[in-house]
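The values are calculated or read from the model by the stated rules, or taken from the named source; none is laboratory data. Because the structure is predicted, anything quoted here is derived from the model rather than measured. Glycine gets a Cβ as well: all are built from the backbone with ideal geometry, and neighbour counts include every protein chain shown.
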Amino acid sequence: MPMKILTVFGTRPEAVKLAPVILEFKKNKKHIKSFVCLTGQHKEMVRQVLSTFEITPDYDLNIMKKGQTIEEIIVAAIIKIQPILDKIKPHIILVQGDTTTAFIISLAGFLKKIKIAHVEAGLRTYDKYRPFPEEINRALISRIADFHFVPTEQNKKNLIKENIRKSSIFVTGNTVVDALLFTSNKIDKNAGKKFFNELPEISNDKKIILVTAHRRESFGSDMDNICAALKKIVVLRPDAEIVYPVHMNPNVRISVNKILKCVERIHLIEPLGYEAFVALIKRAYLILTDSGGIQEEAPSFNKPVLIMRDVTERSEGIKAGCARLVGVKTDDIVSNTLQLLDDKTVYIKMSRAKNPYGDGMSAKKITNILLESKSKKGIDGI
């Protein structure tokens, strides 16, 4: 009897990181019956990712409404997932990362005594408000999950310290590397095709700085500081050009448009499809971000990352030397950026640091672990 696995996600980062696992499940149709359910946060961006990986979802909770609160998201998700769980009766629910819906879907599965597999487990800042609410979401999933797929040894140590059963923790690397290599190969084979049309016209003689900034804890004054820093950088450095795909959240757009609209050599563009985004990473000279996933993606292309946050749950990149935590103060962001633009030795050292997040085989490892658990009758009802 095949093992029924329901993979649930709603944001673009989740889709990117779970797509390689879903594709690996497809390769094992004899042993795995795979179902895909969307929750609905990033509708268009998720559809773009699914198109890249040629994945068709089976269900869509469609929970998002304009202006709704986190509490309303929680209620909608836990109610709408129930009939799907009753219909499929999955042996495993697979979730990724730290979104509120990942936690709520895990909770819904637990209440029905369905086993939970958590991809990208074990990341911690140990500050419950940074990132908010992601830090607590991830920790709560860890209390529920039966399989903990952690990217690094440090993540494993974090879980062991929290008394998570050691035999349930598996170091697999991060699936984002799998997704990145898949997409990079696709770009190389299809150079000049449609996804490049999404990119702005950027100068070949400029140093391109890719910016992503959208975290909830950055809303308000911190976002204003970030935008002020970007403006200052292009004023001070005529050889620099910034490309900023602006998140759809109105809290982000208000600050960005207020400070950066019509600033010369700053391109404010709509969120990109995944192929175009990867192409832009490959084209960039360095990355400024408050995002999580790009901290793992950029080192695969030898791009230094400056993290515009006070803390990060991805400390491995900092230890490896490919990323640096610069905070959210305008002058700190500017000075660190200028150093990378000016000091070739520092730039080379960061760009040549080894990516600590995996080898592109994470999805295969995760699939094999689940199949091995089935063969050992570790999953009830199979």
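Given the conditions (1) surrounded by 15 or more Cβ atoms within 10 Å (Cβ to Cβ); (2) under 26 Å from Ile116 (Cβ atoms); (3) over 17 Å from the mean Cα position of the chain (by Cα), which single one is not true for Asp310? Unmet condition: (2).
In region 301-324, the residue that is farthest from Asp342 (Cα to Cα) out of those that are in contact (Cβ under 8 Å) with a residue 40 or more places away in the chain and touching an Asp or Glu at 6+ places or on another chain (Cβ under 8 Å) is Glu313.
Residue selection: Gln68 fails the criterion of being more than 23 Å from Gly109 (Cα to Cα) and within 16 Å of the chain's Cα centre (by Cα). Here the helices (runs of 4 or more DSSP H) wholly within region 1-118 that include at least 3 residues being in contact with a helix residue (DSSP H, G or I) (Cβ under 6 Å, 6 or more places away or on another chain) are 12-26, 43-53, 70-80, 100-111.
Here is a check on your reading of the model: is Leu370 at pLDDT 95 or above, more than 16 Å from Thr212 (Cβ to Cβ), buried (at least 23 other Cβ atoms within 10 Å of the Cβ) and of a type in the set (A, V, I, L, M)? When the stated conditions are applied, Leu370 passes them.
The set of residues from region 125-144 being of a type outside the set (A, V, I, L, M, F, W, C) and not in a helix (DSSP H, G or I) comprises Thr125, Tyr126, Asp127, Lys128, Tyr129, Arg130, Pro131, Pro133.
Residue-wise test of (1) of a type in the set (Ser, Thr, Tyr); (2) under 20 Å from Gln295 (Cα atoms); (3) within 17 Å of the chain's Cα centre (by Cα).
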{"position": "Ala121", "(1), (2), (3)": "no, yes, yes"}
{"position": "Arg124", "(1), (2), (3)": "no, yes, yes"}
{"position": "Phe132", "(1), (2), (3)": "no, yes, yes"}
{"position": "Arg138", "(1), (2), (3)": "no, yes, yes"}
{"position": "Ile141", "(1), (2), (3)": "no, no, yes"}
{"position": "Ile144", "(1), (2), (3)": "no, no, no"}
{"position": "Pro151", "(1), (2), (3)": "no, yes, yes"}
{"position": "Lys157", "(1), (2), (3)": "no, no, no"}
{"position": "Ser167", "(1), (2), (3)": "yes, no, no"}
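Of all residues in region 145-158, those being over 16 Å from Gly109 (Cβ atoms) and assigned to a loop (DSSP other than H, G, I, E, B) number 2. Taken together, Ala179, Ala276 contain a single residue that is in contact with an Asp or Glu (Cβ under 6 Å, 6 or more places away or on another chain), under 30 Å from Ser362 (Cα atoms) and part of a helix (DSSP H, G or I), which is Ala276. Inside region 224-254, residues that are among the hydrophobic types (A, V, I, L, M, F, W, C), surrounded by fewer than 18 Cβ atoms within 10 Å (Cβ to Cβ) and more than 20 Å from the chain's Cα centre (by Cα) make up a count of 3. Residue count for region 279-297, restricted to those that are within 14 Å of the chain's Cα centre (by Cα) and in a helix (DSSP H, G or I): 5.
Kindly check whether there is at least one residue in region 38-50 that is β-branched (Val, Ile, Thr), assigned by TED's automatic domain parsing to the domain that holds Ile366 and surrounded by fewer than 23 Cβ atoms within 10 Å (Cβ to Cβ). The answer is no, given that none of the residues of region 38-50 is β-branched (Val, Ile, Thr), assigned by TED's automatic domain parsing to the domain that holds Ile366 and surrounded by fewer than 23 Cβ atoms within 10 Å (Cβ to Cβ). Going through region 155-185 one residue at a time, which ones are among the polar types (S, T, N, Q), modelled with pLDDT of 95 or more and surrounded by fewer than 19 Cβ atoms within 10 Å (Cβ to Cβ)? Across region 155-185, the qualifying residues are Asn163, Ser167, Ser168. Taking region 352-367 as the range and being out of contact with any Leu (no Cβ under 7 Å at 6 or more places or on another chain), surrounded by 15 or more Cβ atoms within 10 Å (Cβ to Cβ) and at pLDDT below 95 as the test, the residues that pass are Ala353, Asn355, Pro356, Tyr357, Gly358.
Pull up region 313-324, narrow it to residues that are in contact with a Lys or Arg (Cβ under 9 Å, 6 or more places away or on another chain) and not in a helix (DSSP H, G or I), then point me to the one that is farthest from Pro356 (Cα to Cα). Among those that are in contact with a Lys or Arg (Cβ under 9 Å, 6 or more places away or on another chain) and not in a helix (DSSP H, G or I), it is Glu313.
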